[in-house]
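Following: one structure in structure tokens, then a few remarks.
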Amino acid sequence: MAVKTRSKNSTLTFLRLAYSAPAPHEGESEQFRRHTLPTTKALPFVKLRANDQPMWRPDSYWHVGPTGKRAVDVQLGRTYARKAIAAMKADGNSDLIALVLQDIIRDGIERTGKTGHGRLSATVQGFLMEISETIAAAP
């Protein structure tokens, strides 16, 4: 904004600057949250790295052992799927389910190499059933 002032001999123009800091983008905090993944890292089936740091990715997105009871494992897998969906939304991490599935596959391959049998665990089956039903029910 320019302001004109008058003196005896001349007219001077001064610029008056008004400064206010820009409003922080709401997206910045969301981006930070997406990179730190606090809800994802709190999931019971996610294995963190030793001395985990905020910006580090977990060591594994699927670290689950069987209980030995099929019905309990299926229910546990369903519960884990619901928690994963909630964490995905809370952290704004649309890749979470894909990352979990990658580690489920990796875990299955490792178990096949050890035992020679390639089978999905009951926990994985419950997880996949819940994810499938959630997708089917979505509008």
| Phi-based couplings in Hz for segment 89-96 (Karplus 6.51, -1.76, 1.60; Gly and Pro marked x) | 6, 5, 8, x, 10, 5, 8, 4
| task | Considering the options 96, 135, 46, tell which one lies farthest towards the positive end of the dipole of segment 33-139, charges being +1 on Lys and Arg and -1 on Asp and Glu at the Cβ, about the Cα centre. | result | 46
| Applying the Karplus parametrisation 6.51 cos²θ - 1.76 cosθ + 1.60 with θ = phi - 60° to the phi angles of segment 99-116, what ³J(HN,Hα) value in whole Hz is obtained for each residue in order, glycine and proline being reported as x? | 5, 5, 4, 4, 6, 5, 5, 4, 4, x, 5, 4, 5, 5, x, 7, 9, x
| query | Near the amide H of residue 60, under 5 Å away, which other amide H atoms are found, from residues 5 or more places off or on another chain, if H is placed in the peptide plane? | reply | 47
| residue 75/residue 47 FRET efficiency (R0 30 Å; Cβ-Cβ; nearest 0.05) | 0.90
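Each value in this text was obtained by applying a stated rule to the coordinates, not by laboratory testing. Fair warning: this is a prediction, and the values are worked out from it, not measured in the lab. Note: ideal-geometry Cβ built from the backbone for every residue, glycine included; neighbour counts use all protein chains shown.
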